[in-house]
Amino acid sequence: MTDNETKLNALYQQMEALAKKLDELNPEETKVEDIDNMIALLEDVEAKCEYIRQAENNR
């Protein structure tokens with residue numbers, strides 16, 4: 001398994017965990033901070049995807 005495949009698998013696991021959290025959210029109990037944290041996670045995953053994409057293009 002290549003380094004990028006390992007990174008992509010880790011990102012996939014992060015996305016699965018986030019999707020699970022979204023499914024379990026109770027809108028009446030969700031706080032703005034919870035939404036902010038999820039947005040930050042999505043931005044982190046997006047940045048990592050872009051980094052991997054650029055690394056693949058530079059090969």
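The values are calculated or read from the model by the stated rules, or taken from the named source; none is laboratory data. These numbers come from a predicted model, not from an experiment. Cβ placement follows ideal geometry from the backbone for every residue including glycine, while neighbour counts extend to all protein chains displayed. All accessible areas refer to the heavy atoms of the entire protein, side chains included, with ligands and DNA or RNA removed. Shrake-Rupley method; radii C 1.70, N 1.55, O 1.52, S 1.80 Å.
Out of the total accessible area of the chain (probe 1.4 Å, heavy atoms of protein only), what percent is carbon and sulfur?
Carbon and sulfur together cover 52 percent of it.
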Karplus-derived 3J(HN,Hα), 6.51/-1.76/1.60, for each residue of region 24-39, Hz, glycine and proline x: 8, 5, 9, x, 6, 10, 6, 9, 4, 4, 5, 5, 4, 5, 5, 4
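Can you show me the helix-derived [θ] at 222 nm for the chain, built from DSSP H runs with n ≥ 4 at -39,500 (n - 2.57) apiece and divided by the number of residues, rounded to the nearest 500.
Calculated mean residue ellipticity at 222 nm is -28500 deg cm²/dmol.
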Out of Ala55, Asn9, Pro27 - ranked by how far each Cα lies towards the positive end of the dipole of the chain, with unit charges on the beta-carbon of charged residues - the top one is Ala55
Label model pair Cys49, Ile35: point-to-point distance (7 angstrom along the Cα→beta-carbon line) in nm is 2.1
Counting only heavy atoms of protein chains, what accessible area per residue, in Å², does the chain have with a probe of 1.4 Å? 85
Under Karplus coefficients 6.51, -1.76 and 1.60, residue-wise ³J(HN,Hα) of region 40-51 in Hz, glycine/proline x: 4, 4, 4, 5, 5, 5, 4, 5, 5, 4, 4, 4
